[in-house]
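Notes for the one structure printed next.
Read-outs throughout are calculated quantities, based only on the coordinates presented, and are distinct from any laboratory measurement. Since the structure is predicted, the reported quantities are computational estimates derived from the model, not experimental observations. Note that each Cβ is placed from the backbone with ideal geometry, even for glycine, and that neighbours are counted across all protein chains shown.
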Amino acid sequence: MGKDKEFCRYMSFRVDTDVIERRTGVKDYYRKRAVIYGLGYEYRKQESFIKSEFDVVGYSDRNEYDIPLYVRPADLGGLSFDYIYVTSRKLFAEIKKNILSLLRGKVSENQIISFDDVWGDFKHIRDEWIRTKLEKIEDGKILLDAGAGEQKYAPFCSHLKYIAQDFGKYDPAECKKGVSEELKWDTSKVNIVCDIIDMPLEDRSVDVVLCTEVFEHLKDPVLAVREISRILKPGGELILTAPFCSLTHMAPYYFANGFSEFWYKEHLEACGFEIRELTPDGNYFKYMAQELFRTVEMSEKYCRFSLDHEQVGTLSKAVKIMSGLSSMDSASAETLCFGYMIEAYKR
């Protein structure tokens, strides 16, 4: 009787998932035969979810692995599979193109899938938004990348006079609390090492300030807004992003978990800025999907407990429901989102 009740609860969940699929296009790949391509960092993050979703018939990678079911990319055509699942979201388009060329006539384009196809798209849109803003800046303008860190946006500033500033104290080896961080962090190419609230730049000397995901790491971000206003020329542009809600990261330099739209309206305007754009990144459902997916990692880290296959499967279905609801969302970002992306000009 217990198993029957459990089956009924499971079937009820499945029906709900099917409704979401019909209304949103989030597809169910449960128990489909898949070859997993890409066995590095991204695979390790997704491994539990992949194994709960697919019947894995092979593993492949451009680097050879001495593991059961490993198949060289050139030999994938000899396997019987429904899909090739590519673990890298960043390199998906490139890898898909290479596989189609390598297995010409043996695999169709819609058989090569990614994380977004299975669990939905809940990644941030911040990088693309920033890149678009940078590309529109007039050639030769002076841009200060405030809190530049490893200068990830420098490649999009080649047409500008680019200056990078950072406090230069963060060491990932000392980050003992919060979400896991990269073990490498190189700020050796920063032009100016100083506190962001006291920069050695003349008044009204900069055309554009780029400041991304920095404010949560400042003891008093209002002082940073004032300093940015000081160095910007009248009419100068501020491209700013920060979390609305975030988890502990880059500890111990983590002082606020986020900022609301009302914070920006209050403090940017008080410091002489006119906000032209204030756009949310993500929404309630995308944020929930992200954190449900992170549950496996959090369970292992803080509970010393590895979720079993069935439990991860339940999480997988919940993530899909959140992604499906996100595609139907109208305005849930007003309640919760990853953060805000702001374009403002100094009066």
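Some points to look at:
- The ranking of 275, 95 by Cβ neighbour count inside 10 Å, starting from the fewest, reads 275, 95.
- Relative contact order [Cα under 8 Å, 6+ residues apart], the stretch 27-119, whole percent: 32 percent
- Protection proxy ranking, highest mean first, for peptides 155-162, 105-112, 336-343: 336-343, 155-162, 105-112, where packing is the per-residue count of other beta-carbon atoms within 10 Å, averaged.
- Dipole of the stretch 193-347, positive end: most advanced residue of 311, 333, 243 [Cβ charges, Cα centre]: 311
- The stretch 270-347-the stretch 89-119 distance, computed between alpha-carbon centres (Å): 26 Å
- Simple Cβ-charge dipole of the stretch 130-274, Lys/Arg +1 and Asp/Glu -1, about Cα centre, in debye nearest 20: 140 debye
- Using the average count of surrounding beta-carbon atoms within 10 Å as a protection proxy, the listed peptides 208-216, 56-64 rank, highest first, as 208-216, 56-64.
- One entry in [x] 23; [y] 31; [z] 40 is percent of Cα pairs over 33 Å apart calculated from the shown coordinates; its label is [z].
- The ranking of 27, 32 from fewest to most other beta carbons within 10 Å of each one's beta carbon is 27, 32.
- Given charges at beta-carbon only (K, R positive; D, E negative), |dipole| of the chain in Debye: 720 debye
- Burial ordering of 125, 67, fewest other beta-carbon atoms within 10 Å first: 67, 125
- In a simple Cβ point-charge model (Lys, Arg +1; Asp, Glu -1; nothing else charged), the stretch 46-199 has a dipole of about 340 debye relative to its Cα centre.
- For residue 128 and residue 202, the difference between the fully extended length at 0.36 nm per residue and the C-alpha to C-alpha distance is 23.6 nm.
- Note on residue 51: lysines with a C-alpha under 19 Å away, same-chain residues under 8 apart excluded, are 27, 32, 317, 320.
- Backbone N atoms of the stretch 38-54 closer than 15 Å to the 7 Å Cα→Cβ label point of residue 150 belong to residues 41-42.
- Gyration tensor verdict on the stretch 27-119 (Cα atoms; rounded if a/c is under 1.5, prolate if a/b is larger than b/c, oblate otherwise): rounded
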